[in-house]
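*Asks:* Dumping the structure here so I can ask a few things about it.
FYI, it's all coordinate maths here, none of it is from the lab. All values derive from a computational prediction rather than experimental measurement. Reconstructed Cβ throughout: ideal geometry from the backbone, glycine too, with neighbour counts over all protein chains shown.
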Amino acid sequence: MSRRRLERLLNLTMCLMATSRFLTVSEIGDMVEGYEPGRDGDEHEAFRRMFERDKQYLRDLGIPLETGSDSYGDEVGYRIRRDDYALPEIRLTPDEAAALALATRLWSTASLAAPAASALRKLAAGGAATSPGLGPGPPGEAPARPAGAPGPAELFGLDGLEPRVDAAEAAFEPCLAAVQERRAVRFPYRKPGEAEPAERLVEPWGVLSWRGRWYLAGHDRRRGAPRVFRLSRVTGPVRPVGPAGAVAVPAGVDLRAMVTMSSSSVPDRVRTATLAVRVGAGHALRRRGRPAAVSGAAGVPVPVGEAGEARPGVGADMEVLRIGFADVERMARWVAGYGADVVVLDPPDMRAEVVRRLRAAAGGAAASASVPTTAAVGTTDTAGGAGSSASAAGAGGNGGGRRRADGPAGRAAGRAAGEAPSEDRLSRLLALVPWLRARPGVSVDAAAAAFGITARQLRDDLDLLFICGLPGGAPGDLIDISYEGGQITVVDPQTLDRPLRLTVDEATALVVAARALADLPGLAGREALERAVERIEEAIGSRPTERVGVQLDPPNEVLTVLQRALRERRRVHLRYLVWSRDELTERDVDPMRLLSMDGHWYLEGWCHRAEAVRMFRLDSIVGGAAGVRVLDERAAPPPDAAVRDVSAGVFTPGPGDLLAVVDLSASARWAADHYPVESTAELPGGGLRMTLYATGTAWLRRLLLGLGGDARVVGPPTLVTEIHDAAAKALTAYDDTASS
């Protein structure tokens, strides 16, 4: 936004707040500096179009422009009632303010973090008790955080505990807006396994983050029933349908119950598979199954099937495991991924499905090798770089996390601190004046830090405010700010002495984060957080969490043990499964923080085995709490050890990582939503080409073997060869059914 328009919008806002009567458009054009009504028809029409754009912009910002006319005139006019504009007084104690400041750290994407931060600034501008995160208080007031005093996390017993929730899905913001406006929406939606998306017409009831994914719950008009939609499966734009306020949400709707029930299914029948697993491999399978080997001569394990006979192609270095399953295809995908390290003995239908997948993987790799490609692929160096700790460190689970942020959203997330977009500036200026007025003599550096901008940006804001004010432009009509010796004092704020009310987005981001924080284990001062939320909900007259929610991972024993070690600064010993390499390891780690991302908790700390900072997914700690031993040694990471920036996701590719290109069928598109994908492109028939980085090829090889014919490696050629060889080797164990 241009400086000239910002000046005009500020002048317009103050002018409409200073009047008690309705001002016509012509009067506004004559009174407000920056408008040029002109004399001929074209000039006047251009002015009216400019005013209409400005009027809509102010309303979108949450400024309540009232439309009406005075009794002596029929022409429509405008004004802003101060009582409708100003944020009601919300008195917060220091601990309540600190709780809110801590809650806003939940959001890791700008779409929610920015309105939450703006809400905090407005509360501080309105006179809420200062605290860490709300900026310094005025001279004479006790400092918000004395030197050496604990910050918000320490005050609430969450030191080192950092829950993060993102909203990177393109469908999130329009769906949230539809929920807030109670307006129906139309969007294309692809269910798993379907080649083409189908259009859905939905009356939205609410959005919920559960296990790291966002869902929309509502009434599907075409199916005539309640439905839940995962936003990552929305394949096109979300368009509003009909007027705002047309959707009536039934009483008693439980978003959490709707989402959890739609994502959970009880199998009709649980069956048992018998597997031969190579010693030292298949650790994830071993965690789910139970041993079932019998001893032969000299006590050597002999693999057996349901009937007890040995199977051809299964070596003596393999042990028998029995494991329950409900879905043949899903279980076969898991088992086939282990290649020659796991062989299905029974049941026959699963054995046949694994063979089919391995044959398809071998055949697809052979076809890929015979077709030249110009796709841009990376080198075959898989040693990994310093930044690619997700796979190399055994981040567990899915080889590093979900899709990396790319495009405009990713660039915005990675923007340097203090470089706020120009669209945020008017809102900041409206909050800056009352904030400074409540803190006479505050320093430039302190004010800039409180608003998350640079000192230079703050000075630019002050220079703009100096020339804005009421109609007339005389010295007594302008905002008067004293700025001497690096200290700022607002002498005359004109009509901007109170901050603007919280917008729906600001209130939602703040309250939803606070409610989610209240679910964390070990939270001290929960009452303060709940009191703060109640005060805000009372001020805004609504309860945002009835329609928007975040469900963090529930408390567990592992998290509790590690949190205690963090608080006591103690080293821990972990029995840890590096899922990406199918390797069971023993590690001594100096904890640095506990981080929740994408629905999973991670421990980040200095790993003495790797001699580097690493991240460990808590559900990959073998044995649960029994797999964590708190040691007597004090945790002492090296001075240069630093936690990673996870604004773009848990996985960060390193300079030596492999860049793979894989084509997925429509039924395998889900893989692009579970792995650290760099980019995607649509293919005919509902398929998808994904490009992704990998530190090492072990986890990628398992994924591609399991997908079988639903995935085809485009490049690099070395990966094509690796998949073919691994599938061919695995097929030799099934020589009773495999072709020669």
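*Asks:* Do any chymotrypsin sites (Phe, Trp or Tyr not before Pro) in the stretch 668-710 lie in a DSSP loop with no more than 15 other beta carbon atoms within 10 Å, and if so, which? Before the final figure, lay out each step's value.
*Replies:* Values: sites: Trp670, Tyr693, Trp699; in loops: none.
Answer by residue number: there is no such site.
*Asks:* Dipole size in debye (nearest 20) for the stretch 590-716 around its Cα centre, Lys and Arg Cβ +1, Asp and Glu Cβ -1?
*Replies:* Working: 12 positive and 15 negative charges, 59 e Å.
Dipole of the stretch 590-716, to the nearest 20 debye: 280 debye.
*Asks:* Over all directions, the average projected area of the alpha-carbon convex hull for the stretch 28-73 comes to how many nm²? Each step should come with its number before you reach the end.
*Replies:* Details: hull surface 16.4 nm².
Averaging across all directions leaves 4.1 nm² for the Cα convex hull.
*Asks:* Which three semi-axes in whole Å describe the equivalent ellipsoid of the stretch 172-263, each the square root of 5 times a Cα gyration tensor eigenvalue, listed largest first?
*Replies:* Numbers: eigenvalues 66, 53, 30 Å².
In descending order, the three semi-axes are 18, 16, 12 Å.
*Asks:* Sequence-distant or interchain residues sharing an amide H contact under 5 Å with Glu162, placed H: which?
*Replies:* Leu594, Leu595, Ser596
*Asks:* From the phi of every residue in the stretch 207-216, what ³J(HN,Hα) in whole Hz does the Karplus formula 6.51 cos²θ - 1.76 cosθ + 1.60 yield, where θ is phi - 60° and glycine or proline is x?
*Replies:* Using θ = phi - 60°, the values come out as 10, 9, 9, 9, 6, x, 10, 9, 10, 10 Hz.
*Asks:* Moving on. Tell me, what ³J(HN,Hα) does each residue in the stretch 39-49 have, in order and in whole Hz, if you take phi through Karplus 6.51 cos²θ - 1.76 cosθ + 1.60 with θ = phi - 60° and put x for Gly and Pro?
*Replies:* 10, 8, x, 5, 5, 5, 5, 5, 4, 5, 5
*Asks:* Which whole-angstrom value gives the distance between the alpha carbon centres of the stretch 189-260 and the stretch 10-75?
*Replies:* 40 Å
*Asks:* On to the next question. Please grab the % of Cα pairs in the stretch 496-612 that end up more than 17 Å from each other.
*Replies:* Details: 4553 of 6786 pairs.
Of all Cα-Cα distances in the stretch 496-612, 67 percent exceed 17 Å.
*Asks:* Right, another one. Can you work out the Karplus-derived ³J(HN,Hα) for every residue in the stretch 276-283? Use 6.51 cos²θ - 1.76 cosθ + 1.60 with θ = phi - 60°, whole Hz, and x for glycine or proline.
*Replies:* 9, 10, 5, 4, x, 10, x, 5
*Asks:* Next question. If we sort 104-117, 45-58, 459-472 on the protection proxy, mean other Cβ atoms within 10 Å, highest first, what's the order?
*Replies:* Details: 104-117: 22.1, 45-58: 15.0, 459-472: 17.6.
Taking the mean over residues of other Cβ atoms within 10 Å, the ranking is 104-117, 459-472, 45-58.
*Asks:* Highest mean first, what order results for 650-658, 218-226, 702-710 on Cβ atoms within 10 Å? All intermediate terms of the calculation are to be shown ahead of the outcome.
*Replies:* Working: 650-658: 21.4, 218-226: 14.6, 702-710: 23.4.
Highest-to-lowest ranking by the protection proxy: 702-710, 650-658, 218-226.
*Asks:* Peptides 557-564, 233-240: what's the order by average Cβ count within 10 Å, highest mean first?
*Replies:* Working: 557-564: 19.1, 233-240: 16.9.
In decreasing order of mean packing, 557-564, 233-240 become 557-564, 233-240.
*Asks:* Over all directions, the average projected area of the alpha-carbon convex hull for the stretch 604-740 comes to how many nm²? Walk me through the numbers on the way to the answer.
*Replies:* On the way: hull surface 50.2 nm².
With the hull built on Cα positions only, its mean projection is 12.5 nm².
*Asks:* How are the alpha carbon pair distances in the stretch 1-85 distributed across 5 Å bins from zero to the largest one, expressed in percent?
*Replies:* Going out from 0 Å in 5 Å bins, the stretch 1-85 shows 3, 14, 26, 27, 19, 9, 2, 0 percent.
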